[in-house]
Amino acid sequence: ESDAGDYTCVCGDKQSTASLAVHALPVLFKEELKNEEVLEGASVSLCCELTKAAPVQWKIGSKVLKASDKYQMRQPGTTAELVIHDLEVEDA
């Protein structure tokens, strides 16, 4: 998208200009989340991979999760990871 704009070819005192529009491809899941079964008290890491880097939001049901001692979120490049610590039965 940053390549969009007006480009000009100049030859002496003559020039030709064209406008270039670049349409972004949608972000897709290259690797989706996988179901996990973990013992109470343990930690779990949930990961998914996107086709390109983009902001993600983690939810449980309709509740948006925020980073805390319990929830750790990382997003190196195109991989999004949620680590849940000290799992409780209510976290299922």
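The values are calculated or read from the model by the stated rules, or taken from the named source; none is laboratory data. Just so you know, these numbers come straight off a predicted model, no measurement behind them. Glycine gets a Cβ as well: all are built from the backbone with ideal geometry, and neighbour counts include every protein chain shown. What goes into the accessible areas is simple: the full protein's heavy atoms, side chains included, and nothing from ligands, DNA or RNA. Shrake-Rupley method; radii C 1.70, N 1.55, O 1.52, S 1.80 Å.
Just give me the residues in region 38-68 being assigned to a loop (DSSP other than H, G, I, E, B), closer than 14 Å to L28 by Cα and of a type outside the set (G, A, S), in sequence order.
Those that are assigned to a loop (DSSP other than H, G, I, E, B), closer than 14 Å to L28 by Cα and of a type outside the set (G, A, S): T51, K52, P55, V56.
Of the residues in region 56-88, how many are under 18 Å from A42 (Cβ atoms) and open to solvent by 100 Å² or more (accessible area, probe 1.4 Å)?
Residues in region 56-88 being under 18 Å from A42 (Cβ atoms) and open to solvent by 100 Å² or more (accessible area, probe 1.4 Å): 2 in total.
Take the residues in region 14-30 that are at pLDDT 95 or above and not aliphatic (A, V, I, L, M); name whichever of them is farthest from E1 (Cα to Cα).
K14
From K52, K30, grab the single residue that is free of Cβ contacts under 8 Å to residues at least 40 places away in the same chain, under 14 Å from the mean Cα position of the chain (by Cα) and surrounded by 10 or more Cβ atoms within 10 Å (Cβ to Cβ).
Residue meeting the stated conditions: K52.
Which of the residues that make up region 19-37 are farther than 15 Å from E90 by Cα and not in a strand (DSSP E or B)?
A21, V22, H23, A24, L25, P26, V27, L28, E32, L33, K34, N35, listed by residue number.
Checking L33 against (1) touching a strand residue (DSSP E or B) at 6+ places or on another chain (Cβ under 9 Å); (2) modelled with pLDDT under 95, only one condition comes out false. Which one?
Of the numbered conditions (1) touching a strand residue (DSSP E or B) at 6+ places or on another chain (Cβ under 9 Å); (2) modelled with pLDDT under 95, the odd one out for L33 is (2).
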